[in-house]
Amino acid sequence: MDADAAPSVTRGAVAFILENPSPAAADVPGIVLQVVDLKPIGSRFTFMASDGEAKIKTMLPTQFLPEVRSGNLQNLGLIRVLDYTCNTIPSQSEKALIITKCEVVAKALDSEIKSEADEQEEKKPAIVLNPKEESVEPAALSKPTNAPPPPAPIALKPKQEVKSASQIVYEQRGNAAPAARLAMTRRVHPLISLNPYQGNWVIKVRVTSKGNLRTYRNARGEGCVFNVELTDEDGTQIQATMFNEAAKKFYPMFELGKVYYISKGSLRIANKQFKTVHNDYEMTLNENAVVEEAEGETFIPQIQYNFVKIDQLGPYVGGRELVDVIGVVQSVSPTLSIRRKIDNETIPKRDIVVADDSSKTVTISLWNDLATTTGQELLDMVDSAPIVAIKCMKVSDFQGLSLSTVGKSTIAVNPDLPEAEKLRAWYDSEGKGTSMASVGSDMGASRAGGARSMYSDRVFLSHITSDPNLGQDKPVFFSLNAYISLIKPDQTMWYRACKTCNKKVTEGIGSGYWCEGCQKNDAECSLRYIMVIKVSDPTGEAWFSLFNDQAERIVGCSADELDRIRKEEGDDSYLLKLKEATWVPHLFRVSVTQNEYMNEKRQRITVRSEAPVDHAAEAKYLLEEIAKLTAF
C-alpha cells in the first residue's frame with residue numbers, strides 16, 4: 001500500500017475465513033477488516049467484521065480490552081488479523097470469528113467501507129414520493145404567510161441484498177462430496193500435532209491395519225471391541241479403538257487401505273504394555289465420532305513394514321514386540337479346528353512355512369479369517385512359491401521358535417515392494433535349490449536365531465536378585481549361563497492334564513477325569529511338569545519356575561515316566577533321577593515379573609527356553625566380550 005493511499009480492507013476476506021476456519025498462524029495472509037458496530041458483551045467486545053462485501057460476527061478475547069478502552073481500537077477502525085479460529089455458534093447456523101491475535105491498522109474512519117456495487121446503488125437517483133396535492137378553488141390559491149412548509153419528499157433506495165456467513169459457506173461448498181465438505185469445514189491436522197487437550201481437529205489417514213471384532217466379558221457385562229492403525233501423509237501412526245456401539249458402527253465402515261477423514265475422537269496416554277505403534281497417545285472413537293471416506297485420495301502412505309530376517313528372530317522370543325516378516329512360501333497345511341481355552345470356542349488355524357535369503361525357514365500359524373481366506377489362497381498357489389509380507393506377528397518358543405498372527409496382523413501376497421523383488425531374484429537364482437533348516441529346529445546356542453536369543457541380554461544372577469523392582473511395569477527378559485543346584489523332591493512337581501488340550505483336569509463323578517476346557521470326561525489323563533528349581537552361578541542363586549517342555553529336557557524324561565519310576569522302582573531311583581539333573585550347566589532365557597503374595601511383592605523368574613551349553617559357541621562369545629572390553 002502506498003504511503004499516500006487511504007487504508008482499506010482485504011476484499012473477499014470473510015469468504016477466505018469461512019473456507020479456512022482454523023488455519024495455522026503462518027498460513028494466515030495479511031487480512032485487514034473493518035470494525036463495525038463495536039459493543040461490549042460481558043467482559044468481552046463483539047462487532048461485525050466487514051471486508052466491504054460481507055460481514056461476520058466477531059468476538060475479541062479479554063486480552064484486547066486495554067486496546068478498546070484506550071481508544072486505540074475503535075468502531076469503524078481497521079485491524080489486521082494475524083491469527084484466528086472460526087466456530088459454529090451453538091443452536092444457530094451462523095459462524096463466529098474469534099480473533100486470537102491482531103494489530104490496529106487505522107483508528108475510526110469517517111464511514112463504513114462498502115463495495116463498489118453498494119456505492120453505485122447509493123449514487124442512483126432516489127425515487128421521490130411527493131405528498132398528494134388536493135385540488136382547490138382558484139380563490140384559495142393564495143396561501144397565508146404563516147402556513148407551514150409542505151412535507152419533504154421521501155427518498156426510497158433499492159433494497160440491498162446482504163448475505164449471511166452461512167449463505168456464503170453454502171454457496172462455496174455447493175454440491176461437494178461429504179469428505180470434501182469435511183475438508184473445507186476444518187483444517188486437516190497432522191497426527192503428530194494431536195494431544196489429549198486439543199478440541200476441534202480433523203485428521204486425514206489411511207487404515208494400515210484392521211483388527212477383528214472381538215467380544216469380551218468383565219464385571220460390567222459383555223461387549224465388543226476392535227481397533228485400527230491409522231497412518232497420515234507424514235508416516236505418523238496412531239491406534240484407534242472402538243467399543244460396543246461404536247465398534248458395531250465403524251467395523252463395516254473401515255476398510256484396509258482406504259483413506260478417511262476422522263473427527264470428534266478423543267486421545268489419551270497410550271498404554272505402553274499394549275501399544276504396537278510408535279505414538280505416545282492412542283485414540284478412542286465413540287458412536288458420535290465422524291468418519292468419512294476420502295474418495296480418490298492416494299498420497300497417504302501404504303502399509304509400512306519393519307522386516308526382520310528369519311535368522312534374527314531369536315531376541316524377540318517371549319517378548320511383547322510384534323515383528324514383520326517377508327518370505328517365500330514353502331508349504332501350506334490344511335485348516336485345523338482348535339478349541340480356545342478362554343471360552344471353549346473353536347477357531348480355525350493353518351500353518352505355513354516361509355523362507356528368506358538367510359537360508360532359514362520358520363513356521364507361521366494363521367488364525368481365524370487369515371487361515372480360511374488368505375490361507376486357502378496360498379494353498380491354491382503354493383506350487384508357484386508366492387511371496388508374503390506379514391505385518392504384526394508374535395514370536396514364541398513353540399517348537400523352538402515360531403510365529404503367530406494376532407488380531408491386527410495383515411498379509412500381502414506378492415506385494416509390490418523392493419524387498420519382494422530382491423527376495424524373488426534370490427529364490428529364483430539360488431534359493432530354490434538350497435537346503436534350508438528351520439530356525440526353530442534346535443534351540444541350542446549354535447544356531448543363528450538361538451545364539452542371539454541365548455547370548456543377548458546376558459547377565460549374572462546377581463543382576464536380577466539385587467534389583468527388587470525389575471519387572472514391576474512389564475516383564476523383562478535376560479539370558480544366563482548357570483547350574484541347577486537343587487530340585488526339591490518333596491514339591492508338587494506335576495499336575496493332571498487333559499490329553500487333548502493340556503488343561504488341568506479334576507476327578508470325574510463316578511470315574512475318569514473331567515476337562516472343563518473340552519467339556520468331556522476321559523478315562524485317562526497325562527501328567528505335566530510344573531515345578532521350581534534352584535539355579536546358581538558365581539554371583540548367587542535364585543529359584544526359577546519351570547514348565548513341562550523345559551522340565552522334560554532338564555530331567556530327561558516325561559512326568560508320567562518319573563511318576564512310574566517313583567511308584568515302581570522306589571524313592572532311591574526317583575531321587576537319583578533328580579540328582580542326575582543337577583550341577584549340569586544350562587543356558588536359560590528367563591522372564592522376570594512381580595507377583596504379590598500375602599500383600600508382599602516378590603520377583604518371579606520363569607524359564608522361557610533352555611539349551612545345553614555349546615562350549616565352542618560359549619568360548620566364541622567370551623572372546624567377543626573380551627574384545628569389546630579391550631577395544632577401548
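The values are calculated or read from the model by the stated rules, or taken from the named source; none is laboratory data. If you're wondering where the values come from, they're calculated on a predicted model, not measured in any experiment. Backbone-built Cβ (ideal geometry, glycine too); neighbour counts: all protein chains shown. The protein model used for the area step is the full one, side chains on, heavy atoms only, and it has no ligands, DNA or RNA in it. Shrake-Rupley method; radii C 1.70, N 1.55, O 1.52, S 1.80 Å.
Before moving on, here are some points about what is shown:
- Rounded to 0.05, the FRET efficiency of the Asn469 and Gln376 pair, given R0 = 60 Å and the Cβ-Cβ distance, is 0.80.
- Cα centroid separation - the stretch 203-242 against the stretch 343-391, whole Å: 24 Å
- Difference of contour (0.36 nm per residue) and Cα-Cα distance, Glu222 to Arg340: 40.7 nm
- Peptides 190-196, 371-377 ranked from most to least packed give 371-377, 190-196, packing being the mean of other C-beta atoms within 10 angstrom over each peptide's residues.
- Peptides 609-616, 308-315 ordered by average Cβ neighbours within 10 Å, highest first: 308-315, 609-616
- Heavy-atom accessible area, probed at 1.4 angstrom with all protein chains present, ranks Tyr427, Tyr529, Tyr251 as Tyr251, Tyr427, Tyr529, highest first.
- Gyration tensor verdict on the stretch 405-556 (Cα atoms; rounded if a/c is under 1.5, prolate if a/b is larger than b/c, oblate otherwise): oblate
- Reduced Cα scattering model of the stretch 310-432, Debye log10 I(q)/I(0), q = 0.10, 0.22 Å⁻¹: -0.29, -1.38
- Computed extension length for Cys557-Thr85: 162.5 nm, one decimal, from 0.36 nm per residue of separation with the Cα-Cα distance subtracted.
- Label separation (Gln519 vs Asn306): 4.2 nm, computed from points 7 Å beyond Cα along the C-beta direction.
- The string of couplings for the stretch 214-228 from the Karplus curve (6.51, -1.76, 1.60, θ = phi - 60°) is 10, 9, 9, 9, 9, 4, 8, x, 9, x, 9, 8, 7, 9, 10 Hz, one whole number per residue in order, with x for Gly and Pro.
- Global geometry of the stretch 548-597, whether rounded, prolate or oblate, following the gyration tensor of its Cα atoms and the 1.5 cut on a/c: prolate
- The phi-based Karplus calculation (6.51 cos²θ - 1.76 cosθ + 1.60; θ = phi - 60°) puts the 3J(HN,Hα) values of the stretch 245-256 at 4, 5, 5, 5, 6, 9, 4, x, 7, 6, 10, 4 Hz, whole numbers, x for Gly and Pro.
- Calculated accessible area for the stretch 13-106 comes out at 45 Å² per residue, all protein chains present (probe 1.4 Å; ligands, DNA, RNA ignored).
- Label sites at Asn368 and Phe460, each approximated as a point 7 angstrom past Cα along Cα to Cβ, lie 4.7 nm apart.
- Compared with the direct C-alpha span, the chain from Thr630 to Arg214 gains 144.3 nm at full extension, assuming 0.36 nm per residue.
- Other-chain or far-sequence residues with amide H under 5 Å of Gly508's (modelled H): Tyr513, Trp514
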